[in-house]
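All remarks here apply to the structure that follows.
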Amino acid sequence: MIVRPAVQADAAAMAELINAIIVIGGTTAYEAPFDAVSMEASYIALPELVSCFVAEDAGGVVGFQGLMRSFDPDDPLPEGWATIGTFASVGITQRGIGSALFARTVETARMAGIAVIDATIRADNIGGLTFYQRLGFVDYDRLSAVPLRDGTPVDRVRKRFDVQT
Ligand SMILES: CC(C)(COP(=O)(O)OP(=O)(O)OC[C@H]1O[C@@H](n2cnc3c(N)ncnc32)[C@H](O)[C@@H]1OP(=O)(O)O)[C@@H](O)C(=O)NCCC(=O)NCCS
């Protein structure tokens with residue numbers, strides 16, 4: 001497996017990967033499917049993007065991880081912070097894909113002067129919470145009862161990782 005920066009040509013494969021996670025439900029906060037255009041806009045060409053890496057094996061893209069500075073006016077992050085999202089192919093999790101991506105993301109964050117990485121995770125996403133905890137993230141906040149599209153309230157746990165300079 002190699003880890004490399006995402007390029008425009010990866011957008012369709014990245015959309016396919018995340019859509020399989022969205023269909024299962026219960027982990028990612030995304031509820032609507034992506035296509036290549038929306039994936040490129042969100043994870044490859046986003047002006048606030050710090051980095052997006054893909055993990056690739058002989059069969060193609062098996063994971064990706066994006067890091068972006070504050071881009072949501074309704075949820076501003078402090079100066080010097082960036083938020084992270086990680087996705088590994090359904091069926092091949094817990095084999096090191098997410099960790100391999102994070103090694104590259106941290107290195108890039110440090111070079112970009114990012115002091116703190118935020119991970120905002122659904123409180124019912126036990127796997128996601130465990131993953132970020134294993135990487136060294138610690139809780140710093142909780143958003144109560146953020147509604148899903150059908151109105152179901154789900155808390156969000158906010159974790160932070162302080163980038164060593
Ligand atoms: C969360 C996710 C990205 C983790 O990726 P991954 O490739 O499985 O992660 P790794 O194999 O590198 O795991 C790193 C550590 O976290 C642990 N871990 C990862 N997923 C876990 C799970 N579901 N349950 C328990 N522990 C888990 C691993 O066991 C490993 O622990 P170790 O350090 O003791 O070896 C992946 O499960 C995924 O894509 N989930 C769906 C999307 C999602 O929830 N993303 C997070 C919110 S953005």
Distribution of pairwise C-alpha distances over the chain, 10 Å bins, in % = 10, 41, 41, 8, 0
query = With every protein chain kept in the model, how would you rank R4, R158, R95 by accessible area, 1.4 Å probe, largest at the top?
reply = R95, R4, R158
ask   = What percentage of the solvent-accessible surface of the chain, computed with a 1.4 Å probe over protein heavy atoms, is contributed by carbon and sulfur atoms?
value = 54
message = What does DSSP give for the chain in terms of the percent of beta bridges that are antiparallel, rounded to the nearest 5?
response = 90
message = 5 Å is the cut-off here: which amide hydrogens, built 1.01 Å from N in the peptide plane, fall below it relative to V146, excluding neighbours closer than 5 in sequence?
response = V154, D155, R156
inquiry  = Report the per residue volume, in Å³, of the convex hull enclosing the C-alpha atoms of region 89-165.
reply    = 111
ask   = Where does the longest stretch of the chain lie that holds no chymotrypsin sites (Phe, Trp or Tyr not before Pro) found in a DSSP loop with 16 or fewer other Cβ atoms within 10 Å?
value = 72-165
remark   = So, with points 7 Å from each Cα along the Cβ direction, the T130-R95 label distance in nm works out to 1.8
request  = Could you do me a favour and compute the accessible area per residue for region 2-162, 1.4 Å probe, result in Å²?
outcome  = 50
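Relative contact order of region 2-162: what whole-number percent is it, with Cα pairs under 8 angstrom and at least 6 residues apart?
Across region 2-162, relative contact order equals 20 percent.
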remark   = Note on region 47-99: contact order normalised by length, alpha-carbon pairs under 8 Å, 6 or more apart, percent, works out to 32
query = Residue by residue through region 142-159, which ³J(HN,Hα) values in whole Hz follow from phi under the Karplus form 6.51 cos²θ - 1.76 cosθ + 1.60 (θ = phi - 60°), with glycine and proline marked x?
reply = 9, 9, 8, 6, 6, x, 6, 4, 8, x, 4, x, 9, 5, 10, 8, 10, 10
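The values are calculated or read from the model by the stated rules, or taken from the named source; none is laboratory data. Here the structure is a predicted model, which is why all the values come from computation and not from measurement. Glycine also receives a Cβ, built like all others from the backbone with ideal geometry; neighbour counts cover every protein chain displayed. What goes into the accessible areas is simple: the full protein's heavy atoms, side chains included, and nothing from ligands, DNA or RNA. Shrake-Rupley method; radii C 1.70, N 1.55, O 1.52, S 1.80 Å.
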